[in-house]
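Heads up: the structure comes next, in structure tokens.
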Amino acid sequence: MKVNTLACDWCRGVTPAVASPTLVVGSSRKGSDPTLDLCKGHLGVLLRAFVPHQRTQLGLTNQNRRRTIAQVAADYNTKKVRDRVRHAKLPTKRAKHAARHEAALLNWETKSALVLAAMPNSGQRLSRPQIDKLVKLPKTTVLKSLKLLMQKGLVTKYGYKGPGALYEKIADAS
Ligand SMILES: [Zn+2]
């Protein structure tokens with residue numbers, strides 16, 4: 001499918017133009033008046049060029065600070081490239097998610113280590129509410145920690161589901 005979109009005349013790549021300003025010098029418009037198609041950023045550059053320079057107290061315009069439109073336009077292109085590089089460095093959503101997941105796992109490693117340390121040596125079976133009191137962590141935290149410890153084979157569970165179940169630290173674990 002062919003799509004006809006006006007591209008910015010000042011951009012190096014193809015950027016859609018948002019406006020097509022015409023330069024009218026004199027009192028009336030002519031067909032030969034130069035016109036440009038510009039993107040939003042370059043339109044801003046052009047509009048800034050129409051802002052008069054401030055005069056100093058001596059009545060002189062500071063010529064040194066005056067930059068040509070080409071320079072300003074080139075700077076805008078440079079900024080665009082710089083922005084692209086900068087944004088490319090930002091971590092992706094996937095990377096951020098992975099980092100968060102890793103941090104959460106590490107957090108659970110710490111919590112389950114606390115639970116394991118609080119449990120008595122093997123031979124003694126404790127219920128989850130008893131472990132709660134020893135480790136002073138919320139019951140959901142203790143429950144998840146115990147699950148992790150069981151997955152690692154450091155703790156064994158006896159009995160049924162719920163608060164009636166008993167947990168035992170495995171001898172050579174600590
Ligand atoms: Zn442009």
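So the values come out like this:
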| item | result |
| --- | --- |
| Lone unmet requirement of (1) within 16 Å of the ligand (Cβ to nearest atom); (2) at pLDDT below 85 for L38 | (2) |
| Test: residue in segment 65-75 that is of a type in the set (G, A, S), at pLDDT 90 or above and within 16 Å of the ligand (Cβ to nearest atom) | no |
| Hey, R29 within 13 Å of the ligand (Cβ to nearest atom), assigned to a loop (DSSP other than H, G, I, E, B) and either under 19 Å from Y76 (Cβ atoms) or over 35 Å from the mean Cα position of the chain (by Cα) (or both) or not | no |
| Residues (buried (at least 17 other Cβ atoms within 10 Å of the Cβ) and in a helix (DSSP H, G or I)) located in segment 115-129 | V115, L116, A118, R128 |
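The values are calculated or read from the model by the stated rules, or taken from the named source; none is laboratory data. Here the structure is a predicted model, which is why all the values come from computation and not from measurement. Heads up, the Cβs are rebuilt from the backbone with ideal geometry, glycines too, and the neighbour counts pull from every protein chain shown.
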